[in-house]
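Have a look at the structure below, then the notes.
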Amino acid sequence: MYAIALLTSVLLASTAVAAPSRLAQRVAARRSGTHLTRPLQVVDSSFTSNSSHPQYSSNWAGAVYDSYPSGSFTAVTGTFTVPTPSAGSGSNDSYSASAWVGIDGDTCSTAILQTGVDFTTSGGSVSYDAWYEWYPDYAYDFSGISFSAGDVVTVTVTAASTTSGTAVIENTTTGQRVSQDITSSSALCEENAEWIVEDYEENGGLVPFANFGTVTFSGAAATTSSGSVGPGNATIIDIQQSGTTYTDVSVDSSSVTVKYV
């Protein structure tokens, strides 16, 4: 127990409402660098910005700004209600998905500053993990915050420069708040802002994608050098794997809604 606690402290890692086996798996994944958000993986090469249909990706669903004309992105925020995940397609032991906000990862694929919450169902138990990541480094769990289905959570990333920033997660239902200052040698381009539900990567492959119901990022906003913008004109992205579309995304001036279908 002491060794596990020490390792968890070093990694700033913990889980909430999780079985011990899930905690051990997540700590091992963080330690070995296998839990990772990849940049947007496009599967629809015919998409253009003037297309009437969404862009399709194997790993991201949500809304993404690409090189907004009013200036570089320096912050992104959004608020969502924690869902209750259930089994997705297939016959796997566990299913997961992750809701997050971030800077870069689409047209700028060399770095991503992001923070969010994973939700997992495994063996009849549901677990949640709050994390931050500066890709290409892997994700680290926050300690000192927990979640239950129905909690309202605000996630925010802020870039102080192209190589330093802050990730903040606040459970507004419980009043818990965590933050982490991050530095990286992988510089942001500050070209992209996004609100995403992701099928993330662990142990070298995408995890079985959970049925998360609906996640709506309300109060969605991105800060540029000329002010704040909502997601109304962002590109819509849906997850499509092996020809099957798993999400249905819609946006308005201040929200991004991602539905599992």
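Structure summary
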| quantity | calculated |
| --- | --- |
| Top-ranked residue of region 70-89 - restricted to ones that are assigned to a strand (DSSP E or B) and not hydrophobic (A, V, I, L, M, F, W, C), ranked as farthest from Asp118 (Cα to Cα) | Thr74 |
| Every pair of residues 6+ apart whose Cβ atoms lie under 8 Å, when the first sits in region 140-166 and is buried (at least 16 other Cβ atoms within 10 Å of the Cβ) and of a type in the set (D, E, K, R) while the second is at pLDDT below 95 and assigned to a loop (DSSP other than H, G, I, E, B) | Asp141/Leu12; Asp141/Ala13; Asp141/Ser14; Asp141/Thr15 |
| Single unsatisfied condition, Thr81 versus (1) more than 19 Å from the chain's Cα centre (by Cα); (2) over 21 Å from Gly165 (Cβ atoms); (3) modelled with pLDDT of 90 or more | (1) |
| Strands (runs of 3 or more DSSP E) lying entirely in region 117-204 (those with 1 or more residues that are more than 18 Å from Thr77 (Cβ to Cβ) and touching a helix residue (DSSP H, G or I) at 6+ places or on another chain (Cβ under 7 Å)) | 125-135 |
| Where a residue in region 92-103 is closer than 27 Å to Ala75 by Cβ and of a type in the set (Phe, Trp, Tyr) and its partner, wherever it lies, is at pLDDT 95 or above and in a strand (DSSP E or B), with Cβ under 7 Å and at least six apart | Trp100/Gln114; Trp100/Thr115; Trp100/Gly116; Trp100/Val155; Trp100/Ile196; Trp100/Glu198 |
| Subset of region 229-246 [in a strand (DSSP E or B) and among the hydrophobic types (A, V, I, L, M, F, W, C)] | Val229, Ile236, Ile237, Ile239 |
| Residues (in a strand (DSSP E or B) and at pLDDT 95 or above) located in region 207-228 | Phe209, Asn211, Thr214, Val215, Thr216, Phe217, Ser218, Gly219, Ala220, Ala221, Ala222, Thr223 |
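The values are calculated or read from the model by the stated rules, or taken from the named source; none is laboratory data. On a predicted model such as this, the values are computed, not experimentally measured, just so you know. All Cβ positions, even for glycine, are placed from backbone atoms using ideal geometry, and neighbour counts span all protein chains on display.
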